[in-house]
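The values are calculated or read from the model by the stated rules, or taken from the named source; none is laboratory data. This is a predicted model, so every value here is computed, not measured. Virtual Cβ from ideal backbone geometry, glycine too; neighbours counted across all protein chains shown. In case anyone asks, the SASA skips ligands and DNA or RNA and just uses the protein heavy atoms, side chains included. Shrake-Rupley method; radii C 1.70, N 1.55, O 1.52, S 1.80 Å.
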Amino acid sequence: MSWMVATFGSSGRNDAPGRQVAAMDIGSTKVVAAVAELEGQNRLRVVATGTAPCNGVRKGSVVDIEETAQAILAAIRSCEQMIDSKILSVVMGITGDHISGTRSTGLIPITPPGRQIQPGDVERVINHSRTMPVESDRQLLHAVPISFKVNGQAGVHDPVGMNGERLEVVSFLVTGNKSQILNLERCAERAQLRIDDIVLQIIATAEAVSTPTDRQASCAVIDIGGYSTDVGVFREGGIVSMGLVPIGAAFITSDLAYLIKTPAEEAEELKKRYGCAIASTVGEKETVPVKRIGEDKPRAMLRRVFCEIIEARAQEILELSRKVIEKSVPVEELSAGVILTGGGAKLPGMDALAARVFGGVPIRVAGPMPLAGLGDVISDLEHSSIVGLLHHARRLASKRVQKPEQRGFLGKLKDLFGDAGEEEIS
Ligand SMILES: Nc1ncnc2c1ncn2[C@@H]1O[C@H](COP(=O)(O)OP(=O)(O)OP(=O)(O)O)[C@@H](O)[C@H]1O
Ligand SMILES: [Mg+2]
């Protein structure tokens, strides 16, 4: 896979390659595209956004290439109109039940023994950890270093400058199913787009909603989308595990539609207007006007009963997310807590319900840290992924601008760690 900056057509205002980046989030309910200008080292100014509804993706896998390609095209065209220039390539997020993460180790001797470890040694040992055999139907997406050992001494964050004979690394390797990745590439191709890079979406989302301090201390990010929920666990600055819960907020809507016998669009509207994740907090006498299928006039339904339907599914989403987290880390060890994001986290009471499901672990609902320019258009909880992807695109862009030898060790590690030690961006 190529590693390039998003590039733009030569007409219009955007013919200065490397100064703008484009990203795309292909969700199970919508496609979002965004273009941002690079300002200085770390800042992004959003200059265009585009959103199109999309039903072509389920549990992170493309189930309808044509529909997805059309949605991509619509979102991209909308951006192109705003910047009066053609977008040729994007950074794309990937998720799905076909993605898996495993730990891998790498080991290299330092020669002559005892000399100082150089950035090149770190790169070599990370590359060695990548050489784990991957099945023929899978593709390696990322190798994120978690920790190093020098001469058998564990817990080293930055081995450069240390003296040693032997350097080891534990990396987190992310792989995906080749044909699923190919399907994404096909969708992009049909929309006449090149893919600069494919990024594990939860890594990008986490970058938008958590701070480097959260990720260093250990936290979990739960992105509650439409038809699935992405979960990532972060420790010592990097991802340590991830998983996908195959249900999301759209299931709440379909439960409501089924149980109160109302069309899905009506159920969605009612959910957004009257929904609450903890039914007992709703007034006993409050009602919801429900228009049932085949009826013209709405009938009053007790809001508490309405919210009990919601609560049951919301609780299931959170309990399954907890199970995913606990495969790698007991939740009590998440000292920076659990961060809820994604459109599903907009449901009032979701934080209180999560507090119940996760015991005494700190819970917060967070959207992306706002960006300049049109950043307010993509500042909602459902925009965490696209903002995180823009940050990833920014890093790729600065990597391209600076020659590798000028970037130094920290810069190289940031490409892999995802800004583990970088300042927060405002
Ligand atoms: N105010 C709200 N209250 C409750 N739910 C909401 C609200 N706003 C949006 N949602 C729900 O959020 C879901 C969409 O979230 P989001 O946009 O994050 O999903 P997506 O990125 O398209 O999907 P995925 O991440 O699963 O691929 C929908 O099911 C929608 O009903
Ligand atoms: Mg999403």
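Quick notes on this one:
- Centre separation in Å (Cα based) which lies between the range 220-236 and the range 294-308: 32 Å
- Heavy-atom accessible surface of the chain, averaged per residue, reaches 42 Å², computed with a 1.4 Å probe.
- Ligands, DNA and RNA left out, the accessible area of the range 100-177 computed with a 1.4 Å probe is 51% carbon and sulfur.
- Two-decimal Rg to Rh for the chain - Kirkwood Rh, Cα set: 1.00
- Folded to 0 to 90 degrees: helix 119-129 orientation relative to the chain principal axis, Cα: 60 degrees
- Among the trypsin sites (Lys or Arg not before Pro) found in the range 264-332, those both in a DSSP coil and sparsely packed, with 12 or fewer other Cβ atoms within 10 Å of their Cβ, are 285, 327.
- Averaging the sequence gap over all C-alpha pairs within less than 8 Å and six or more residues apart, then dividing by the number of residues, gives the range 249-310 a relative contact order of 35 percent.
- Burial order of peptide ranges 25-33, 130-138, 376-384 (average beta-carbon count within 10 Å, highest first): 25-33, 376-384, 130-138
- Percent carbon-and-sulfur accessible area, the range 249-310, ignoring ligands, DNA and RNA, probe 1.4 Å: 53 percent
- Overall form of the range 100-177 per C-alpha gyration tensor (a/c, 1.5; a/b vs b/c): prolate
- Per-residue 3J(HN,Hα) values for the range 330-345, derived from phi via the Karplus relation 6.51 cos²θ - 1.76 cosθ + 1.60 with θ = phi - 60°, read x, 4, 4, 7, 7, 5, 8, x, 10, 10, 9, 8, x, x, x, 6 Hz in sequence order (x marks Gly and Pro).
- Difference of contour (0.36 nm per residue) and Cα-Cα distance, residue 116 to residue 81: 7.3 nm
- GNM flexibility winner over the chain from 225, 337, 120 (Cα, springs under 10 Å): 120
- Dipole magnitude for the range 212-334: computed about the Cα centre from +1 point charges on Lys and Arg Cβ and -1 point charges on Asp and Glu Cβ, it is near 400 debye.
- Shape category assigned to the range 249-310 from the gyration tensor of Cα positions, a/c cut at 1.5: oblate
- Annotation: average projected area of the range 168-291 is 12.1 square nanometres, based on the convex hull of Cα atoms across all directions.
- Point-to-point label distance, residue 259-residue 179, nm (Cα→Cβ direction, 7 Å offset): 3.7 nm
- When you restrict to C-alpha pairs under 8 Å that are six or more residues apart and normalise by the size of the chain, the relative contact order lands at 19 percent.
- Residues whose placed amide H lies under 5 Å from that of residue 372, excluding near-sequence neighbours: 44, 46
- Degrees separating the helix 249-259 axis from the principal Cα axis of the chain, which is the longest one: 20 degrees
- Other-chain or far-sequence residues with amide H under 5 Å of residue 194's (modelled H): 89, 90
- Normalised contact order of the range 100-177, rounded percent, pairs of Cα under 8 Å and 6 or more residues apart: 47 percent
- Spatial separation of Cα centroids for the range 344-359 and the range 71-109, in angstrom: 29 Å
- Three-way shape call for the range 23-116 based on the alpha-carbon gyration tensor, with the a/c threshold at 1.5: oblate
- Nonlocal amide H pairs with residue 262, under 5 Å, H built at 1.01 Å: 293
- Relative to the dominant Cα principal axis of the chain, helix 178-190 is inclined by about 80°.
- Carbon/sulfur fraction of accessible area - the range 28-71, other protein chains in place, 1.4 Å, %: 45 percent
- Reach of residue 297 by Cα under 17 Å, taken over lysines that are not fewer than 8 positions away in the same chain: 261
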